[in-house]
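The values are calculated or read from the model by the stated rules, or taken from the named source; none is laboratory data. For clarity, every value in this text was computed on a predicted model and none was experimentally measured. Virtual Cβ from ideal backbone geometry, glycine too; neighbours counted across all protein chains shown.
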Amino acid sequence: MNKSLNLSGYVKRYFPVIAFIAACALVPLFIKKSYIQRVFIEVFFFAAMGSAWNILGGFAKQTSWASPAFFCIGAYSALLMDKNFGLSPWISIILGIILAGVLAIVIGLPTLKLRGVFFSIATISCTSIVRQILFNTPNLTGGAQGLTLKMSSGNDLWRLRFDSEIPFFYISLIWMMLVVLIAAMLSKSRLGWYLKAIREDEDAAQSLGIRTYHMKLRAFVISAMLLAVTGAFYSFKIGYIDPNSSASHDLAVRIAVTAILGGMGTIWGPVLGAFICVPMLEISNYYLSDFGGGGAGFAIYGLAMVLVVLLRPNGIISLFQKKKAGGANG
């Protein structure tokens, strides 16, 4: 009897999440157009990246623009291992995770001693450095031309080669939910509470004995690893990677805006932000591609971002949250 009550209470508590996952999972059954399915895949991947960024940028309010560097580590590692050794991406992902963690430590050790805008500026330069390395090592990374995945027919889960969008639809959906789950677990952990204390007042957190520098570094490493995995999956989805798209400041902004627009420091904010940002950009580019040399769509997109930040500084998710003393973090 108690077990049935616990189960019903669990279902009632998490019914919105269960309904959301079920609705997403049923999309390919009702929407057969490949383009729409690709948009959903893009949404899921950006939701995952926004959630990964949110671990440091939202929970601790440390705005990092180095996300593309870690994304590239995962993407290039996976494609290079496939190209040179025929290694499955499921294995090469491990290499990407390790390399991203090491890079996060190398970047974080000096930069996380900085605060506010100084930390943000330092991470911008890190992305630029990675971009230049990719450009100037053509024998390894393909330089400006990037790397292209060798295409093959048939469906092969081990090699992540598929003839349709549907397998990647579910891979990206599952990965998004795993990243959200990791973020939720971290939010309720000791690390999560320490990060939130840092967000409110880092000096006060230090005075209470919290090793703020080490906590931020841990969050930075976890975020980097999740971004690397996303980069690996994304590169196999599109079958191509190059510095202009993957190591760009535009990508860094899009990842951060996903979390900021939806709601920084919340669990579902980045997911909501992705469901708004990605379709908005697709629609604006489609209908306004002939205006302003193709830049009108980005202008409308940027204007919408500014309006949301001005009118809903806590993100759009604040529209659906009950007001709580001290702010909501769920």
All but one of (1) in contact with a strand residue (DSSP E or B) (Cβ under 8 Å, 6 or more places away or on another chain); (2) of a type in the set (A, V, I, L, M); (3) farther than 25 Å from Phe168 by Cα hold for Leu140; which doesn't?
(1)
Turns out the helices (runs of 4 or more DSSP H) fully within segment 165-262 with at least 1 residues that are out of contact with any strand residue (DSSP E or B) (no Cβ under 8 Å at 6 or more places or on another chain) and surrounded by 24 or more Cβ atoms within 10 Å (Cβ to Cβ) are 166-188, 190-200, 212-238, 243-246, 249-262
So the check is Cβ under 6 Å with 6+ separation or different chains; which pairs have a first residue in segment 130-154 that's at pLDDT below 95 and a second one that's surrounded by 15 or more Cβ atoms within 10 Å (Cβ to Cβ) and assigned to a strand (DSSP E or B)?
Gly146/Ile241; Leu147/Ile241; Thr148/Tyr240; Ser152/Arg161
Selection from segment 90-106 of residues surrounded by 18 or more Cβ atoms within 10 Å (Cβ to Cβ) and more than 18 Å from the chain's Cα centre (by Cα) yields Ser92, Leu95
Enumerate the pairs (first residue in segment 266-282 and under 28 Å from Trp193 (Cβ atoms) and among the small types (Gly, Ala, Ser); second residue anywhere and modelled with pLDDT under 95 and not in a helix (DSSP H, G or I)) with beta-carbon separation below 7 Å, excluding pairs fewer than 6 apart on the same chain, so at least 6 apart or on different chains.
Gly269/Gly263; Gly269/Gly315
Does Trp158 satisfy the condition of being of a type in the set (Phe, Trp, Tyr) and without any contact (Cβ under 8 Å) to a residue 60 or more places away in the chain?
no
Considering every residue within segment 139-151, establish whether at least one is closer than 23 Å to Tyr35 by Cβ, within 21 Å of the chain's Cα centre (by Cα) and surrounded by 14 or more Cβ atoms within 10 Å (Cβ to Cβ).
no
For segment 87-117, give me the residue count where each residue is of a type outside the set (Gly, Ala, Ser) and either at pLDDT below 90 or touching a Pro at 6+ places or on another chain (Cβ under 6 Å) (or both).
2
Within segment 179-212, the count of residues that are within 26 Å of Ile36 (Cα to Cα) and without any contact (Cβ under 8 Å) to a residue 40 or more places away in the chain comes to 1
Restricting to helices (runs of 4 or more DSSP H) lying wholly in segment 1-101: which have 2 or more residues that are of a type in the set (Phe, Trp, Tyr)?
15-30, 34-57, 67-85
